[in-house]
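To start, the structure under review is shown below, and the notes come after it.
The values are calculated or read from the model by the stated rules, or taken from the named source; none is laboratory data. Note that the structure is predicted; figures quoted are calculated from it, not measured. Glycine also receives a Cβ, built like all others from the backbone with ideal geometry; neighbour counts cover every protein chain displayed. These area figures cover heavy atoms from the full protein model, side chains too; ligands, DNA and RNA do not enter into them. Shrake-Rupley method; radii C 1.70, N 1.55, O 1.52, S 1.80 Å.
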Amino acid sequence: MKQSLTRRNALCFGAATSALTALPALADTTPSSMALPLKDLAAAKGLRFGTAIGMRMLADPRVRELTIRECNIIVPENELKLYVTHNNGPTEYNFKPADELLAFAETNHMAMRGHNLFWARDEYTPKWLKEYKFSSKAEAEKLLRDYIAAVAQHYGERLTSWDVVNETIDPKSGEVRENAFSRVLGMDTLRIAFEAAREHMPKMQLVYNDYMSWEAGNENHRKGVLKLLHWFRDNKVPIDALGVQSHIGNGFDLMAGQVNQWKDFLDEVVSLDLDLLITEFDVDDQTIPTSDIDKRDAIVATVGRLYLDQMFSYTQTKDVLCWGMDDKYSWLQGFTPRKDGLPLRPTPFDADFKPKPLYDAIAAAFKSAPER
Ligand code: G3I
């Protein structure tokens, strides 16, 4: 998913800079007065706006205040992953951290989505499950169905939407990844997960979530996801939407035809009668080769605006969730540090919780979005 700072990326930065001057919408990058919260601007167009939030953020009153003011939907960053809810063997569950997040959501009249029922990658699978010796396919299927039934029994439909399967496509090859269940059940793993989710949560929005993106280098990933979505449809797998994670900005490759390729991808997704969700939006400024904060913020905002405008042009796009609202707690700080050692600035609010040009870009994108 990530690209390093190469000569090509440096050239792309030039392209992004010229894109910046070509775009009138963001000529003024002064942070806004935040007259209306983003959730209200979104609601005016039939969209929802929210963020991922984890226990470490919930402990910070500034994050709570910001989230309550700006968001009408949240998603736990890590607290509903198998390695938290079901880490200690087949009969033990831990819903405590996610319960606290759900209480926060319900108290403050926010919806909560679930992320995720099955992260189809060994590195995020609990040790006990990775090493489980299934004696038969039937046993593997039962374990998968029982786990989903247990989660559904705990939360019922207090959540509104679930990422049923997360990241099952290998970005390089475009093929379906192997995982603890697929080694026994093959592709049936995916069908069973969605079927069990539908069986136990009939009204739930069921989502396949992945990080295929618009940047160059994502071609096989996009192809693989499209093939999977067609397979879901051909096999009558109950799926309602594609979660487009939207961790963008790694190459700032604005002028290299990716916008058109991204359009082709989205056209094909919606032709399968699927909704689109922006589930994990942020704009990584790791490779922007300047330490000037104003310039970096302006480029991040411009790229974000271009992207959101394109996503919102599809009325199938219903929810937008940032993967963190502020730079202080962004996962990217540890994941893709800048070479100059400066903190990243990938989210709408800075580390002091002040709005940045990306905040205005999101607000402007909502204002110009068609209604749905
Ligand atoms: O819980 C330990 C804590 O005890 C310890 O002090 C701390 C030290 O670094 O690590 C803590 O766990 C980390 C956890 O985040 C909480 O911060 C894990 O090591 C770390 O692997 C985990 O990373 C998360 C990652 O998913 C893996 O689950 C990130 O926060 C989270 O932002 C990231 O989210 C993913 C989405 O689920 C799927 N899409 C991509 C996205 C970004 O990678």
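Looking at this structure, is G217 at positive phi and either open to solvent by 10 Å² or more (accessible area, probe 1.4 Å) or within 16 Å of the ligand (Cβ to nearest atom) (or both)?
Yes.
Kindly establish whether T290 is out of contact with any strand residue (DSSP E or B) (no Cβ under 8 Å at 6 or more places or on another chain) and of a type outside the set (A, V, I, L, M).
Against the criterion (out of contact with any strand residue (DSSP E or B) (no Cβ under 8 Å at 6 or more places or on another chain) and of a type outside the set (A, V, I, L, M)), T290 qualifies.
Against the conditions (1) part of a loop (DSSP other than H, G, I, E, B); (2) open to solvent by less than 30 Å² (accessible area, probe 1.4 Å); (3) out of contact with any helix residue (DSSP H, G or I) (no Cβ under 6 Å at 6 or more places or on another chain); (4) farther than 17 Å from T168 by Cβ, where does T287 fall short? Just the number, please.
Failing condition for T287: (3).
Which of the numbered conditions does R62 fail, given that it passes all the others? Conditions: (1) at pLDDT 65 or above; (2) within 16 Å of the ligand (Cβ to nearest atom); (3) in contact with a Phe, Trp or Tyr (Cβ under 7 Å, 6 or more places away or on another chain); (4) open to solvent by 70 Å² or more (accessible area, probe 1.4 Å).
For R62, the failing item is (2).
Listed residues V283, V237, V259; which is over 30 Å from P343 (Cβ atoms) and touching a residue at least 40 places away in the same chain (Cβ under 8 Å)?
V237
Could you tell me which numbered condition P76 fails, if it satisfies all but one of (1) within 16 Å of the ligand (Cβ to nearest atom); (2) touching a residue at least 40 places away in the same chain (Cβ under 8 Å); (3) within 22 Å of the chain's Cα centre (by Cα)?
(2)
Might you check whether a residue that is closer than 24 Å to S291 by Cα, open to solvent by less than 60 Å² (accessible area, probe 1.4 Å) and either away from the ligand (no atom under 16 Å from the Cβ) or modelled with pLDDT of 55 or more (or both) occurs anywhere in the range 28-49? Write out each step before concluding.
Here is the first cut: in the range 28-49, the residues closer than 24 Å to S291 by Cα are 28-32.
Remaining after also requiring open to solvent by less than 60 Å² (accessible area, probe 1.4 Å): 29, 32.
Those still in the list that are either away from the ligand (no atom under 16 Å from the Cβ) or modelled with pLDDT of 55 or more (or both) too: 29, 32.
Yes, the range 28-49 has at least one match.
Among the residues that make up the range 274-283, is at least one of them under 20 Å from P37 (Cβ atoms), in contact with a strand residue (DSSP E or B) (Cβ under 8 Å, 6 or more places away or on another chain), of a type in the set (D, E) and open to solvent by 10 Å² or more (accessible area, probe 1.4 Å)?
no
One residue is enough: does the range 311-319 have a residue meeting the conditions assigned to a helix (DSSP H, G or I), under 18 Å from the mean Cα position of the chain (by Cα) and touching a residue at least 60 places away in the same chain (Cβ under 8 Å)?
Checked the range 311-319: at least one residue is assigned to a helix (DSSP H, G or I), under 18 Å from the mean Cα position of the chain (by Cα) and touching a residue at least 60 places away in the same chain (Cβ under 8 Å).
Tell me, yes or no, whether the range 298-318 has at least one residue that is of a type in the set (D, E, K, R), open to solvent by 10 Å² or more (accessible area, probe 1.4 Å), within 21 Å of Y211 (Cα to Cα) and out of contact with any helix residue (DSSP H, G or I) (no Cβ under 6 Å at 6 or more places or on another chain).
yes
When only residues in the range 312-323 that are within 14 Å of L38 (Cβ to Cβ) and of a type outside the set (A, V, I, L, M) count, which is farthest from the ligand (Cβ to nearest atom)?
F312
Taking into account only those residues within the range 320-352 that are of a type in the set (K, R) and in a loop (DSSP other than H, G, I, E, B), which is surrounded by the most Cβ atoms within 10 Å (Cβ to Cβ)?
Within the range 320-352, the match that is surrounded by the most Cβ atoms within 10 Å (Cβ to Cβ) is R345.
How do the pairs read when you match residues in the range 174-193 that are closer than 20 Å to N87 by Cβ with residues anywhere that are among the aliphatic types (A, V, I, L, M), using Cβ under 6 Å and keeping only pairs 6 or more apart or on different chains?
Matching pairs, first to second residue: N179/A120; A180/L129; F181/A140; F181/L144; A193/V164; A193/V165.
Scan the range 86-137 for residues that are outside any loop (DSSP other than H, G, I, E, B) and open to solvent by 70 Å² or more (accessible area, probe 1.4 Å) and jot them down. Reasoning before the result, please.
Let us first name the residues in the range 86-137 that are outside any loop (DSSP other than H, G, I, E, B), namely 96-107, 111-119, 122-124, 127-130, 137.
Passing the criteria: K96, E100, E106, T107, E123, Y124, K127, K130, K137.
Of all residues in the range 176-210, which are closer than 22 Å to V75 by Cβ, open to solvent by 20 Å² or more (accessible area, probe 1.4 Å) and under 22 Å from the mean Cα position of the chain (by Cα)?
Passing the criteria: R198, K203, Q205.
Please work out which one of (1) modelled with pLDDT under 95; (2) out of contact with any Leu (no Cβ under 6 Å at 6 or more places or on another chain) is the condition S330 fails and give its number.
Exception for S330: condition (1).
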